[in-house]
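Report on the structure given below.
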Amino acid sequence: MPRLAPHPPAEASSSLSSLTQGEGTAPSPRSPPPFPPPLAGEGQGGGEGCGEGQVSAIIPTLNAADTLPRLMGQLRAAALVEQIIVVDGVSSDATAAIARAASARLIAAPRGRGIQLAAGADEASGDWLLFLHADCRLAPGWETALADFTAAPEAHSRAGYFDFALDDTAPAARRLERIVAWRCRVLALPYGDQGLLIARGLYRAVGGFAPLPLMEDVDLVRRLGRRRLARIGAQCISSARRYRREGYWRRPLRNVFCLSLYFAGVPLDRIVRLYG
């Protein structure tokens, strides 16, 4: 794993069906990749505050076979994670096979992160819900940070997010990490690629994820509000593939433009076409 330079801390209506072998889109005939062993500090220790078996991890997927195995390996090794739910938008690759191999609860939902995240939350049994993107991995120490977060007296009245990091050694990646830290600290706007840890009761109290095709993360954190958001104290390392492909200036500027349109009330179906 590339060494990451430190950055300043930042303060559906469609029916679902469980996927079983032979149902839905057939998985790729190739065997799913093995789960990489956890790195030093991953999935080890911690768990005392949260208690073993109280977190349901929820991952929306669509053709995520290239990135999903590492995250699944981390979650399987974590004592505090009692349940892994993969909500698949009917992938055409080996995503479903990878989820089955990891003994995850695999359900199908219409494509769209808002719809998929809401579907996963409805199926979760844990007292805590941990929403993660399939192309991320968690930095060493994440399990202890989660346990500490959930053990705090005010834990059930706030939601936690990870510090944003990218798996790229380029200076542009460090610059973007600093911008995201500023956005979280000043604007109180963590995005979905930073993960979200929230108590089931608080999630239900604020209405959960709306079945939106885009901006589902912004919609939820705005309903939570600044006072109910806090850093978890560990990094969520996202794939930099899209930034490398589309550019470290072009993609963030497009994201800001789409966010501005959303705040201005432009219909989401129009924003989705611009977002790509």
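Since every read-out is calculated from the coordinates, none of them should be taken as a lab result. Model, not experiment: these values are computed from the prediction. Glycine gets a Cβ as well: all are built from the backbone with ideal geometry, and neighbour counts include every protein chain shown.
May I ask you to compute the full-extension gain from D219 to A77, defined as 0.36 nm times their residue separation minus their alpha-carbon distance, rounded to one decimal in nm? Please report the intermediate quantities before stating the final value.
Numbers: separation 142, 0.36 × 142 = 51.12 nm, distance 3.16 nm.
So the chain would gain 48.0 nm between D219 and A77.
Between rounded, prolate and oblate, where does the stretch 202-276 land on the alpha carbon gyration tensor, with a ≥ b ≥ c its root eigenvalues, rounded for a/c under 1.5, else prolate if a/b exceeds b/c? Before the final figure, lay out the partial values.
Numbers: a/c = 2.20, a/b = 1.23, b/c = 1.79.
Here the stretch 202-276 falls in the oblate category.
Under the rule a/c < 1.5 gives rounded, and otherwise a/b versus b/c splits prolate from oblate, where does the stretch 117-276 land using the Cα gyration tensor? Oblate. Near S103: Cβ cut-off under 14 Å, other residues only, Lys/Arg at +1 and Asp/Glu at -1. The net charge is +2.
Neighbours of R241, meaning other residues whose beta-carbon lies under 10 angstrom from its beta-carbon, give a summed charge of -2 when Lys and Arg score +1 and Asp and Glu score -1. What the Cβ-Cβ distance of A205 and R111 gives, at R0 = 41 Å and to the nearest 0.05, is a FRET efficiency of 0.90.
Find, among the GluC sites (Glu not before Pro) in the stretch 100-181, those assigned to loop by DSSP (not H, G, I, E, B) with at most 11 other beta-carbon atoms within 10 angstrom. List each step's numbers first, then the result.
Numbers: sites: E123, E143, E154, E177; in loops: E154.
Within the stretch 100-181, the qualifying GluC sites (Glu not before Pro) (loop, at most 11 other Cβ atoms within 10 Å) are E154.
For the stretch 220-275, the list of chymotrypsin sites (Phe, Trp or Tyr not before Pro) that fall in a loop by DSSP and count at most 15 other C-beta atoms within 10 angstrom reads W249.
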